[in-house]
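As structure tokens, the structure follows; a few thoughts come after it.
Nothing in this text is a laboratory measurement; each read-out follows from the coordinates by a stated rule. Keep in mind it's a predicted model, so treat the numbers as computed, not measured. So basically every Cβ, Gly included, is an ideal-geometry build from the backbone, and we count neighbours across all protein chains shown.
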Amino acid sequence: MVKYNYSLVGGFEVKKTLIIAGPCAVESKEQIIRIAQKLKNIGIFYLRGGAFKPRTNPDSFQGLGDIGIEYLLEAKKITGMRIVTELMTIEQVKKYADKIDIIQVGSRNMYNYELLKELGKYNKPILLKRGLSATYEEWINAARYINNDNIILCERGIRSFDNSTRNVLDIQAIPYIKKNTNYPIIVDPSHAAGNNYMIKPMSLAAVMAGCDGLIIEVHDNPSEALCDKDQAITIEEITEIVNEVNKIDKYLK
Ligand code: PEP
Ligand code: MN
């Protein structure tokens, strides 16, 4: 199976499933550097972590903001990992686009066309998350608003009638996007499931279905995570997933 060539987005690995991992939010300098080092040690080169957090509840932790970006850059300097983080406003894009390796557009901003157009001005890889209940067509149109050569679509679960889980991972998005577009597609099982026990099976299912990568929330102390702790998996659990994905990559080659 042909995987997207991530050297196009400055990737370390070519034709392998790309794995992005890290906490939901940057909580402190020590936390992000510590987790980054642990992830680097198991062969992960892309670090996620939100500085600007689009929280559904205004009373929830809103992220560290500018200082969070500084801590991410510090983690990058120390580990050499590439940084994946969400920017929510045009001002943030103007300020940080040059410094971040992959800019995430969150689900809640998929329809923010002014933001998408601004992002298109920079030749930066953009991780475009699918809106909470966006159709494939709306999602692809959002990518067309960005209109650069470096767009990665991200399926992160869609709303359903059943609230037993946070969202439902739409595995069908993988073959659909592969058949109908040239965009690579990565899968975020964390925001789809909303719980930790589904992350491994959903990750492996997505890789078998042909996704180009995974973005997974990991914390070295999930019960203490300030954000999305129920879906955070441990370093041991992400290690297992990395090992299994490596096996599938070899098998699918
Ligand atoms: C996130 O990745 O932390 C996030 C907020 O995701 P989403 O936009 O998919 O809800
Ligand atoms: Mn999260």
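Cys residues of the chain that find no other Cys beta carbon under 4.7 Å: Cys154, Cys211. When the Cα gyration tensor is reduced to axis lengths a ≥ b ≥ c, the ratio a/c stays below 1.5 for the chain, which is therefore classed as rounded. Long-range amide H contacts for Leu64: which residues qualify at under 5 Å (H placed 1.01 Å from N, peptide plane, sequence gap of 5 or more or a different chain)? The list, which skips near neighbours in sequence, is Val26.
When +1 charges are put on Lys and Arg Cβ atoms and -1 charges on Asp and Glu Cβ atoms, the dipole computed for the stretch 101-253 relative to its Cα centre reaches about 560 debye.
Magnitude of the charge dipole for the stretch 193-236, about its Cα centre and with charges confined to Cβ atoms of Lys, Arg (+1) and Asp, Glu (-1), is about 160 debye. If you take every DSSP beta bridge fully contained in the chain, what fraction is antiparallel? Give it as a percent rounded to 5. Restricted to the chain, the bridges split so that about 5 percent are antiparallel.
Counted over all Cα-Cα pairs of the stretch 161-253, pairs farther apart than 19 Å make up 43 percent.
Packing, taken as the mean count of other beta carbons within 10 Å per residue, orders the peptides 149-158, 34-43, 120-129, 212-221 from highest to lowest as 212-221, 149-158, 120-129, 34-43. Once you sort the root eigenvalues of the Cα gyration tensor of the stretch 12-52 as a ≥ b ≥ c, which label holds: rounded (a/c under 1.5), prolate (a/b larger than b/c) or oblate (the other case)? Here the stretch 12-52 falls in the oblate category.
Database remark: amide H of Ile216 closer than 5 angstrom to the amide H of Ile20, Ala21, Gly22 (H placed geometrically; neighbours at sequence offset of 5 or more, or on other chains; Pro and chain starts carry no H). Considering only beta bridges that DSSP places wholly inside the stretch 128-253, some 10 percent are antiparallel.
Summed over qualifying helices (DSSP H, 4 residues or more, each -39500 (n - 2.57)) and divided by its residue number, the chain shows a 222 nm mean residue ellipticity of -11000 deg cm²/dmol.
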